[in-house]
Amino acid sequence: MRNRAVRLSAVPKSSRLLTHPGAVSALDFTPPAQRPSLAPEATLADALVMELVLAGIDTFFGVPGGAIEPLFDALARQQAQGRIRLVPMRSEAAAAFAADGYYRETGRMAACTATTGPGVSNMLTATMSAHADRVPMLLLTPQVASFKQGRGALQESSMDGHDLPHVFGSCTKYSSVVTHPDQLAPKLARALSQALLAPAGPVLLSFSSDLLRSPAPAPASRTFPARRLARVAVDAAGVSELVTEVIGSCTPVLYVGDDAGPDAPRLLELARVLRASVISSPAGKRWLSHYHPSYRGVVGFSGHKEAQLTLEEADVVVTFGATFDELSTNAWTLFPHVPTYAVDRHAEFAYRLEHARPVIADVASVASAFEEELGPVACSQLEPPVESGRASGMRRKVRLSDASALAPVPAGPIAHERPVHPSRLMTWLGQALAEDVVVHADAGNSFSWSTRDLLRPRPDTYRVAMGLGSMCWAIAAVIGAAVARPRRTVCITGDGAMLMSSLELTVAVEQRLPITYVILNDSALGMVKHGQRLGGAQPIAYEITPVRFDQLGRACGAEGIRVETEADLLALSRDWCESDEGGPCVIDVRIDAEAVPPMGDRVRGLAAGVPR
């Protein structure tokens with residue numbers, strides 16, 4: 001057994017409470033005496049908005065329309081008093097994607113809303129995405145007036161029409177129609193509690209338009225706060241077993257999954273103590289510094305060979321917040337048949353890996369258990385916690401000497417006349433961005449190249465949404481993040497996704513948000529094109545008419561910059577990568593259309609089980 005008498009370092013408690021999965025020490029109900037009173041003419045919609053404000057939900061994303069107008073009236077009254085912020089979006093899907101991005105930035109739920117019928121149905125994809133990524137949000141949807149239901153009313157979505165609350169039932173944790181004023185308080189409380197109960201997810205409440213206009217009900221005696229409890233019940237026996245197994249092992253591996261949470265940096269120091277290695281899923285990369293010597297990179301889709309070799313050589317694996325889904329396991333082929341402990345707040349996903357042993361716990365409780373077992377020693381051996389660049393007034397950039405072997409750069413000198421190689425673009429962004437700038441990478445080529453080649457020094461500055469793999473998620477999620485905290489934020493997306501949702505850029509302009517959109521422009525659905533080539537499929541339907549997104553950005557009121565060559569990239573001002581001033585910017589990058597993204601494992605996964 002190795003000598004591991006080294007004390008573990010702890011991430012400052014304040015940093016553990018800033019982001020997903022947002023925590024509080026207790027459920028602090030608002031006493032009736034402290035509740036603001038409603039005007040005598042207040043409606044149920046007014047009461048709903050007030051309850052949400054008291055619960056801590058004060059940001060709304062949506063698109064107005066006929067049946068939802070009573071709610072927008074109530075939002076207007078509360079916004080005039082400075083209690084809420086309403087951000088009108090260009091599409092209903094973007095409203096839900098923005099609420100998703102808002103939660104990832106703050107750990108606090110937002111609400112999204114749209115009118116009945118097509119307005120609500122347009123939110124379906126984004127709701128499915130939030131459900132797949134376990135992101136809580138509240139959808140507020142209307143029904144046509146109750147006396148019209150069942151009579152062929154325009155855009156009817158009640159049980160006599162297209163029954164959208166039922167349709168959303170498969171991609172929400174709770175979906176219910178409020179049919180009486182006295183149902184408001186209990187159904188809202190249930191919705192918020194279900195949204196936050198692990199595994200978290202979206203919830204939906206629907207109201208007829210005449211009910212929203214009806215007189216406000218008597219105020220509730222208490223309000224359920226829309227925040228998650230800080231601690232979970234701990235499987236003490238399971239934690240003790242895994243601690244013993246890891247301490248007695250030779251090549252332990254700690255795997256950071258999608259839901260590991262903001263305590264995950266403690267695992268890097270734990271790995272130093274145990275002489276273990278840390279790897280992550282593609283989305284779990286969010287929670288770590290990619291430059292820490294214990295970090296070996298990503299396993300799964302577009303991952304790193306070193307990380308895969310590290311996992312293959314493990315004699316015990318402890319996963320934290322792992323989903324064991326297709327992308328993070330290369331179609332369930334990666335994990336060796338060695339003792340594997342799946343640590344999470346629930347056992348929902350452990351069944352996906354047949355030899356995993358579920359352990360109900362979290363990073364903090366497991367790290368503390370190791371600390372107690374190993375005992376304290378001199379703190380001088382610890383690395384000091386990294387202070388926030390913004391908090392200290394410093395904006396440190398990554399030095400070239402910090403570059404990790406995890407990020408391969410195309411061999412050879414800079415080609416001043418050729419389009420930008422995507423790998424070189426990711427490496428440049430990693431060096432140009434201030435260390436606290438948050439990057440949102442969209443589905444497609446953006447996700448593939450950034451997973452492997454974009455390295456960030458600070459935890460929680462890289463975010464993806466690949467539970468469903470929705471194109472356009474990042475375009476609106478970055479708006480939600482910037483609304484939550486008006487600091488420079490980056491969206492990496494492709495020309496295909498930008499054509500699907502480009503006019504959300506006008507929201508960023510209206511709200512004066514410091515967002516930089518980096519467009520990978522190859523006049524193609526790049527992942528489709530290369531996937532067809534790698535998989536031997538017929539080359540079809542991937543071409544896109546060339547578009548100048550820098551000109552589109554300027555037409556929408558944003559700054560527009562065109563990068564044609566690698567020389568242009570090197571000459572690009574870095575103000576748009578670090579400054580919180582200047583509003584939105586579109587950087588249209590002509591990338592090498594023949595550069596093959598690191599997606600071979602995905603192609604093999606698609607072919608798995610198909611007879612040849």
- Apply the Karplus parameterisation 6.51 cos²θ - 1.76 cosθ + 1.60, with θ equal to phi minus 60°, to every residue of the stretch 439-453 and state each ³J(HN,Hα) to the nearest whole Hz, in sequence, with x for glycine and proline. 10, 10, 9, 7, 5, x, 4, 4, 5, 4, 5, 6, 4, 7, 10
- Note on the structure: Residues whose built amide H sits under 5 Å from the amide H of Gly297, excluding neighbours closer than 5 in sequence, are Ser280
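Which percent of the accessible heavy-atom area of the stretch 74-153 goes to carbon and sulfur, probe 1.4 angstrom?
51 percent
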- Pull up the cross-link candidates among the aspartates and glutamates for Lys173, meaning alpha carbon to alpha carbon under 18 Å and not fewer than 8 places away within one chain. Asp100, Asp133, Asp163, Asp259, Glu348
- Sequence-distant aspartates and glutamates (8 or more away, or on other chains) whose Cα lies within less than 14 Å of Lys187: Glu51
- Task: Enter the accessible area per residue of the stretch 440-581 (Å², integer; probe 1.4 Å; all protein chains in place).
- Result: 34 Å²
- Task: With a/c under 1.5 counting as rounded, go ahead and sort the stretch 268-364 into rounded, prolate or oblate using the C-alpha gyration tensor (a ≥ b ≥ c being the square roots of the eigenvalues; past the cut-off, prolate if a/b is larger than b/c, else oblate).
- Result: rounded
- the stretch 238-382 - accessible surface per residue (Å², probe 1.4 Å): 34 Å²
- Can you pull the one-decimal nm distance between simple spin-label points at Arg548 and Arg512, each 7 Å off the Cα toward Cβ? 2.9 nm
- HN-Hα J couplings of the stretch 133-148 from phi, Karplus 6.51/-1.76/1.60, θ = phi - 60°, integer Hz, Gly and Pro as x? 9, 6, 9, x, 7, 10, 9, 10, 10, x, 10, 4, 3, 4, 6, 8
- Item | Farthest positive-ward along the stretch 477-522 dipole, Cα basis, beta-carbon charges - from Leu505, Gly494, Val483 | Val483
- Query: If you roll a 1.4 Å probe over the heavy atoms of the protein chains, what accessible area per residue do you get for the stretch 153-208, in Å²?
  - Reply: 42 Å²
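Under 1.5 on a/c is rounded, so check that first for the stretch 114-205, then, if it is not, pick prolate when a/b is larger than b/c and oblate when it is not; a ≥ b ≥ c are the square roots of the alpha carbon gyration tensor eigenvalues.
oblate
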- Computed ³J(HN,Hα) along the stretch 96-112: with the Karplus parameters 6.51/-1.76/1.60, θ = phi - 60°, integer Hz and x for glycine or proline, the list is 6, 4, 5, 4, 4, x, 4, 5, 5, 6, 10, x, 10, 6, 10, 10, 10
- Please list 158-170, 362-374, 269-281 highest first by mean number of surrounding beta-carbon atoms within 10 Å per residue. 269-281, 362-374, 158-170
- Task: Could you look at the stretch 177-319 and say what percent of its accessible area is carbon and sulfur, using a 1.4 Å probe and all protein chains?
- Result: 54 percent
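The values are calculated or read from the model by the stated rules, or taken from the named source; none is laboratory data. Just so you know, these numbers come straight off a predicted model, no measurement behind them. Virtual Cβ from ideal backbone geometry, glycine too; neighbours counted across all protein chains shown. Surface accessibility is based on the protein's heavy atoms, side chains included, excluding ligands, DNA and RNA. Shrake-Rupley method; radii C 1.70, N 1.55, O 1.52, S 1.80 Å.
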